[in-house]
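Here's the structure, in structure tokens; my notes come after.
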Amino acid sequence: MILVTGGLGYIGSHTVVELCVKGHQVIIVDDLSNSQLSVLDGIEELCGHRPIFERLDLRHKNGVESLFERYDITGVIHFAASKAVGESVHRPLQYYENNLGALVNLLQGIKKKGGTNFIFSSSCTVYGEADELPITEAAPVKPATSPYGNTKQVGEEIIRDTCKVHPKLKAIALRYFNPIGAHPSGKIGELPLGVPQNLVPYITQTGIGLRKELSVFGNDYPTEDGTCIRDYIHVMDLARAHVVALHRLKEQRNEDNYEVFNLGTGNGSSVLEVIQSFERVSGQPLNYKIVDRRPGDVTEAYADTEKANKILGWTARFTLDEAIASAWLWEKKNRLG
Ligand code: UD1
């Protein structure tokens, strides 16, 4: 049975569906702090059955231990974490307690159980402004610019250190580039609380009329059109990568019992290119204006995907237009029914 923490969240819910489709039994744990129980209905429709769900805050050590006692957990995919970069700057302790406290509790639960396979949601944020593009896994980790980013770096270190001394714990950290899009059915997708901080939900909410206009954060970067470049990856490609990584863990035989993989498409797109993609797939113009740079943004980040291609046998399949089209379908279904 695969334990998926944060399984009602954005990437978690898509991964749960992918796991179910591939025949895995899943138990979802979520504290509903940034997700809604109704997501379980969408998952049920797509899976054909309702996976086991437990509402639990992973900071509660006893609750975590009890999970490992009550279920035969053979793998853990750990998504549950707070992820708002700006908020983390104002509430560092909340982020360290929630993201790192929960991780330590989970690893202790796993240790007590005698070990298992473990997948950690990391982020390309660990590379900061990389010296070379595309970014390989060998690129140095740069000092984090936010407590959120730091929880990803330290989280990776905690797992790596633990794997070294517990041979029955095998782990993979997946460094996501920029996840976007939704399940092609439009039954599950991203549900940002309040005003979205990320580009694509802001675009689709502007397109639907919920926001007046998109602010493009700077057009004076040293890129072709002056806007920042990111590697936008369809959440369905990400979800599939988690299932592939679980298989990899079964045969992982490296000394450290720990590996890191970039998950991206390998292609960089500028903010203006993403806007153009939205206009193309939606057939409507987008209201936007250029404003000042957002502090903390890096100029360019896109993945070297060779390691994931070679070792996991995984490659992103969806194009930017397909990902944006799915995000738009989700926005329309979610808002307009
Ligand atoms: C952000 C986080 C990153 C995190 C990821 C999670 C920062 C600095 N980084 O990545 O750590 O892992 O989200 O999804 O916050 N943009 C606009 N207008 C907007 C929103 C965004 O122009 O209203 C631009 C940004 O300047 C950036 C690009 O769109 O160039 C993507 O932004 P965003 O979706 O927030 O992702 P990241 O900043 O790359």
For residue 287: the one exception among (1) more than 20 Å from the chain's Cα centre (by Cα); (2) within 24 Å of residue 139 (Cα to Cα); (3) not small (Gly, Ala, Ser): (2)
Output the residues belonging to segment 233-257 that are at pLDDT 95 or above, among the basic types (Lys, Arg) and in contact with a strand residue (DSSP E or B) (Cβ under 9 Å, 6 or more places away or on another chain). 248
Which one of the conditions (1) within 22 Å of residue 152 (Cα to Cα); (2) within 9 Å of the ligand (Cβ to nearest atom) does residue 175 fail to meet, given that it meets all the rest? (2)
State whether one or more residues within segment 211-221 are loosely packed, with under 15 Cβ neighbours inside 10 Å and farther than 19 Å from residue 277 by Cβ. yes
If we take segment 104-221, then strands (runs of 3 or more DSSP E) inside it with 1 or more residues that are in contact with a helix residue (DSSP H, G or I) (Cβ under 7 Å, 6 or more places away or on another chain) and free of Cβ contacts under 8 Å to residues at least 60 places away in the same chain are 117-123
Being out of contact with any helix residue (DSSP H, G or I) (no Cβ under 8 Å at 6 or more places or on another chain), at pLDDT 95 or above and β-branched (Val, Ile, Thr): is that true of residue 265 here? no
Please go through segment 74-93 and give me each residue that is under 19 Å from residue 125 (Cα atoms) and part of a helix (DSSP H, G or I), ordered by number. 85, 86, 87, 88, 89, 90, 92
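Where in segment 1-73 are there helices (runs of 4 or more DSSP H), lying fully within it, with 1 or more residues that are surrounded by fewer than 18 Cβ atoms within 10 Å (Cβ to Cβ) and touching a residue at least 60 places away in the same chain (Cβ under 8 Å)?
39-47
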Would you be able to tell me the number of residues in segment 282-310 that are loosely packed, with under 14 Cβ neighbours inside 10 Å, in a helix (DSSP H, G or I) and touching a helix residue (DSSP H, G or I) at 6+ places or on another chain (Cβ under 7 Å)? 0
Scanning for something within 30 Å of residue 255 (Cβ to Cβ), in contact with a Ser or Thr (Cβ under 8 Å, 6 or more places away or on another chain), surrounded by 21 or more Cβ atoms within 10 Å (Cβ to Cβ) and hydroxyl-bearing (Ser, Thr, Tyr), does segment 138-156 turn up at least one residue? yes
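The values are calculated or read from the model by the stated rules, or taken from the named source; none is laboratory data. Please read all numbers here as calculations on a predicted model, not as lab measurements. Counting neighbours? That spans all protein chains shown, and the Cβs are built from the backbone with ideal geometry, glycine included.
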